[in-house]
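Novice: Dropping a structure here in structure tokens format, bear with me for questions.
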Amino acid sequence: MKTRKYIAVIFAVMVMGISGCNDDLFLEEHPDTFYTAEDAFKTVDQVKACVTNMYAHARYWLQNDVFLKGAGTDMFDTPMWRSSGNGMSNFSSWSTDKSEVKNIYEAYYQLVSYANQTLEGTEVKTLNWDSEDDRARVRAQANFFRGFAYLTLGELFGGVPEVTKFYQEPRYDFTRMTREETYRFAIQDLKHAADTLPDYPGEAGDVAKGAAYHYLAEAYLALATELGDDRELLQQSILYATKVTELHALMTERFGSRAKPGSGEAMNGVEAYYPDGDVFFDLFQRGNLDYAEGNTEALWTLQNDVTVWHNFGGSHFLPYAGSFSPVLREMRWKSEYSESNAGYGPWNTNIDESVYPGGNLCAYVGGRGVSFNAPTNYMINDIWAGDFATDIRNSKANIRREFVCIDTKHSKYGQIVTADMLDESNMDHYYPVWTKFAPVDDWGYEDLVYGGNRTNTFRDEYACRLAETYLLRAEAYFRMGDAGSAANDINQLRGRAQCSRMATAGDISFAFILDERARELFMEERRWCTLLRMQGSVMEDQLRAHAYYIADYPTYTGTIEWKLFPIPQKAIDANIDAKLEQNPGWN
């Protein structure tokens with residue numbers, strides 16, 4: 001039985017008014033507070049409430065805010081019809097006050113804040129812990145989250161200020177560590193975490209050694225890159241990635257809730273068994289994501305729950321179905337296909353809801369798609385071109401590219417509608433449906449019983465899984481000059497995906513690795529972290545070749561002179577007693 005105890009604790013903390021972790025204590029780098037740990041923490045439960053806050057905070061910024069997942073990169077952007085060309089990859093709108101960047105900077109320092117509070121709470125002498133092991137596990141989780149936060153900040157912003165405690169008086173004289181120092185600080189924390197965390201999660205959603213080792217592999221890779229592909233550090237990255245593979249294994253066969261008859265309960269009148277699925281499809285079905293549910297690939301999962309959401313609200317859901325699905329109900333026929341007794345488009349009206357429940361908001365068309373974000377042509381076509389097309393990650397179960405007409409009054413009812421039949425005026429509303437975002441049928445929409453409209457889903461989400469570990473190790477091997485081993489790691493994923501074309505040593509490049517990350521990890525990896533971490537011309541090359549408003553809808557024609565996100569101007573201006581240097585390209 002899946003344990004979700006910590007989710008409920010969030011709401012207990014809210015109701016009880018526990019003061020041990022206050023969001024207002026640390027919204028920037030200069031915590032403006034006059035508290036002591038002894039005053040703030042009177043019970044062990046108050047310290048553990050800070051642990052709960054770390055998980056809840058990380059969940060929001062890793063799943064509900066999608067900026068780091070790649071908004072404005074080669075992966076997705078706000079579509080033309082919503083932004084009139086002023087989407088994220090129109091970099092003329094970026095400045096040191098860019099809100100999305102500022103929000104990430106503050107969010108990850110807030111995570112540092114929660115971690116520091118937790119660590120201070122564990123040092124209060126008057127608290128009665130069940131055991132020293134109990135206290136050590138709490139400290140390990142705090143070290144994990146602080147290390148993860150500094151790794152992320154280092155990848156995005158370079159060197160950032162070191163904050164390891166709360167100050168009883170305000171400080172306005174912070175200075176920046178170097179990027180190397182920031183990575184080393186993250187490594188130190190992640191090592192402390194890895195030393196104590198259990199091999200596997202004690203409860204669903206908990207971090208364990210696999211996640212700590214994974215981010216150590218990433219941190220050593222980042223540090224090695226910063227120091228000119230230092231071989232000793234690359235070997236450390238490979239070592240920690242290998243430790244993950246020794247604890248976890250890729251899922252290679254169908255499994256879980258939809259894999260075979262009788263494997264799961266029906267939902268909304270739809271049987272759980274989905275015969276046309278495959279192992280990649282199964283990785284994203286509710287009830288399948290946690291290690292405790294038999295998924296040996298899962299390293300750290302973010303917990304969602306429809307009952308908790310219904311009873312308490314909050315962010316216990318994935319917004320992807322609405323945010324990422326196309327708006328097929330607004331597509332119109334070209335004049336030569338328009339028929340007077342039918343609707344204006346193939347997915348708009350006259351829909352038999354016994355076949356397509358929900359009508360023009362049915363699961364078949366991606367639910368209630370509003371397309372706040374749309375995939376780039378790179379994601380839709382480029383990475384699947386030629387002999388890369390044969391790949392179960394590109395199967396009909398995972399990416400729905402063809403749609404039949406569902407207007408019962410049109411002569412083409414039940415026939416595939418091709419793009420050349422549609423009015424070209426709003427083609428930016430039209431693109432494939434990824435079923436990892438929008439469920440293939442109503443079995444995936446748990447909130448319909450509460451009046452939901454196929455906008456949100458409530459399965460858990462991956463923060464990291466073993467597939468990405470293999471890709472980190474592949475990059476480390478490549479940077480060491482061992483393209484053969486890099487290809488072998490990539491082929492672990494391509495073999496699982498039943499690809500007709502396997503990677504060879506001659507294929508390996510940074511672009512090839514990024515392509516494979518895109519096929520495997522779309523909307524899972526922190527794509528901005530990846531691109532900025534890789535350094536050199538990698539990010540600029542990828543953006544110029546594939547970003548939505550540079551390659552697909554050419555709007556931005558300017559230069560990309562920056563290699564890191566800007567330090568938010570708000571943080572610089574507030575630090576009145578010392579100078580926080582701005583990153584090059586933003587002055």
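The values are calculated or read from the model by the stated rules, or taken from the named source; none is laboratory data. Quantities reported herein were computed from a predicted structural model and do not represent experimental measurements. Cβ sites come from the backbone with ideal geometry, for glycine too, and all protein chains shown count toward neighbours. Protein only, heavy atoms only, side chains kept; ligands, DNA and RNA dropped before computing areas. Shrake-Rupley method; radii C 1.70, N 1.55, O 1.52, S 1.80 Å.
Novice: Arrange the peptides 107-117, 195-205 so that the one whose residues have, on average, the most other Cβ atoms within 10 Å appears first.
Specialist: 107-117, 195-205
Novice: Give the accessible area for S485 in Å² (nearest 10); use a 1.4 Å probe, count only protein heavy atoms, and leave out ligands, DNA and RNA.
Specialist: 30
Novice: For a quick check of understanding: with a 1.4 angstrom probe and all protein chains in place, what accessible area in square angstrom does I550 have, to the nearest ten?
Specialist: Here the residue's solvent-accessible area equals roughly 30 Å².
Novice: Within segment 301-401, list the GluC sites (Glu not before Pro) lying in a DSSP loop whose Cβ has at most 14 other Cβ atoms in a 10 Å radius.
Specialist: Qualifying residues, ordered by number: E339, E353.
Novice: Which of the aspartates and glutamates could a cross-linker span from K436 if the Cα-Cα distance has to be under 12 Å and same-chain partners fewer than 8 positions apart are dropped?
Specialist: Once the sequence-local aspartates and glutamates are set aside, what remains near K436 is D282, D460, E461, E520, E524.
Novice: Here's something else I'd like to know. Show that you can apply the helix-only estimate: for the chain, add -39,500 (n - 2.57) for every DSSP H stretch of four or more residues, divide by all residues, and state [θ] at 222 nm to the nearest 500.
Specialist: -11500 deg cm²/dmol
Novice: Where does each of R231, R254, R332 land when they are ordered by accessible area, with a 1.4 Å probe and the largest first?
Specialist: R231, R332, R254
Novice: In whole Å, how far is the Cα centre of segment 445-506 from that of segment 313-378?
Specialist: Going from one Cα centre to the other spans 28 Å.
Novice: Additional query: Decide, for segment 310-459, between rounded, prolate and oblate: order the square roots of the alpha carbon gyration tensor eigenvalues as a ≥ b ≥ c, take rounded if a/c falls under 1.5, and otherwise choose prolate if a/b is larger than b/c, else oblate.
Specialist: oblate
Novice: Does anyone have the angle between helix 231-247 and the longest principal axis of the chain? Alpha-carbon axes, 0 to 90°, nearest 10?
Specialist: Long axis of 231-247 versus the principal axis of the chain: about 70 degrees.
Novice: Hey, what angle do you get for helix 132-157 against the long axis of the chain, alpha-carbon based, 0 to 90 degrees rounded to 10?
Specialist: For 132-157 against the chain, the angle is about 70 degrees.
Novice: Please say if segment 509-578 is rounded, prolate or oblate, where rounded means a/c under 1.5 for a ≥ b ≥ c the square roots of the C-alpha gyration tensor eigenvalues, and otherwise the choice is prolate for a/b larger than b/c and oblate otherwise?
Specialist: prolate
Novice: Which lysines have a Cα lying under 23 Å from the Cα of K409, excluding residues fewer than 8 positions away in the same chain?
Specialist: K334
Novice: Once a ≥ b ≥ c are taken as the square roots of the eigenvalues of the Cα gyration tensor of segment 434-587, is the result rounded (a/c under 1.5), prolate (a/b larger than b/c) or oblate (a/b not larger than b/c)?
Specialist: Note, shape of segment 434-587 comes out oblate.
Novice: Follow-up question, since we're still on this one. Quick check on my link table: of K102/K209; K48/K570; K191/K563; K69/K102, which ones sit more than 25 Å apart, alpha carbon to alpha carbon?
Specialist: In this structure, K102/K209; K48/K570; K191/K563 exceed 25 Å between Cα atoms.
Novice: Now, a different point. Sorted from largest to smallest, which semi-axis lengths in Å does the alpha carbon gyration tensor of the chain give for its equivalent ellipsoid, taking the root of 5 times each eigenvalue?
Specialist: After diagonalising the Cα gyration tensor, the semi-axes are 39, 28, 25 Å.
Novice: Between segment 97-160 and segment 250-285, how many Å separate their Cα centres?
Specialist: Centre-to-centre (Cα) distance: 37 Å.
Novice: Less than 14 Å apart at the alpha-carbon level, and either on another chain or at least 8 residues along: which aspartates and glutamates does that give for K98?
Specialist: E106
Novice: Additional query: How many Å² of accessible area per residue for segment 512-551, probe 1.4 Å?
Specialist: 18
Novice: Counting only C-alpha contacts under 8 Å and six or more residues apart, can you give the relative contact order of the chain as a whole percent?
Specialist: 20
Novice: Next up: Please name whichever of T504, T457, G359 sits farthest to the positive end of the charge dipole of the chain, dipole taken about the Cα centre and charges placed at Cβ: Lys and Arg +1, Asp and Glu -1.
Specialist: Farthest along the dipole direction, towards plus: G359.
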